[in-house]
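Engineer: Dumping the structure here so I can ask a few things about it.
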Amino acid sequence: MVEALKIPAHQPTSVGSMLKEEFLDPLGITQGELAKAMGVGRKTVNELCGGRRGVTAETAFLLAKVLSTTPEFWLNLQFMNDMWLAQHNEVLAEKLERARPLVAAQTNR
């Protein structure tokens, strides 16, 4: 049985905050150094740190390699933020109110 995902009440830590506060700052790594180690442009890292770019699967693998984490760590962080933001989006709430199911929900037996 698959359990429902629990979205936290407060906004989860963003990828950018995690990168800056838990990795770059404490380890004394610059955005340029991270970009070079990942083989990406500095703009990519700057946009990640500034919350203007999300983590893709490719980026997650690169971050995991250079920061000794896992790709799942970065993808889960991104996913939880995306879900929290969607859950708190008024425009989406209005769209959901108007949406109509095409398939009946199945119940567990």
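Engineer: Could you list, in sequence order, the residues of segment 20-53 that are not charged (D, E, K, R) and not in a helix (DSSP H, G or I)?
Structural biologist: Answer for segment 20-53, where residues must be not charged (D, E, K, R) and not in a helix (DSSP H, G or I): G28, I29, T30, G39, V40, G41, G50, G51.
Engineer: For segment 54-68, which positions are part of a loop (DSSP other than H, G, I, E, B) and among the acidic types (D, E)? It would help to see each step written out before you state the result.
Structural biologist: Here is the first cut: in segment 54-68, the residues part of a loop (DSSP other than H, G, I, E, B) are 54-56, 68.
Result: no residue meets the conditions.
Listed here are the residues, each with its yes/no results for (1) of a type in the set (G, A, S); (2) surrounded by fewer than 15 Cβ atoms within 10 Å (Cβ to Cβ); (3) in contact with a helix residue (DSSP H, G or I) (Cβ under 8 Å, 6 or more places away or on another chain); (4) modelled with pLDDT of 95 or more.
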| residue | (1), (2), (3), (4) |
| --- | --- |
| M18 | no, no, yes, yes |
| P26 | no, yes, no, yes |
| T44 | no, no, yes, yes |
| T56 | no, yes, no, yes |
| L62 | no, no, yes, yes |
| L67 | no, no, yes, yes |
| E72 | no, yes, yes, yes |
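The values are calculated or read from the model by the stated rules, or taken from the named source; none is laboratory data. Just so it is clear, the structure is predicted and the values come from calculations on it, not from any experiment. Positions of Cβ are backbone-derived with ideal geometry, glycine not excepted, and every protein chain shown enters the neighbour counts.
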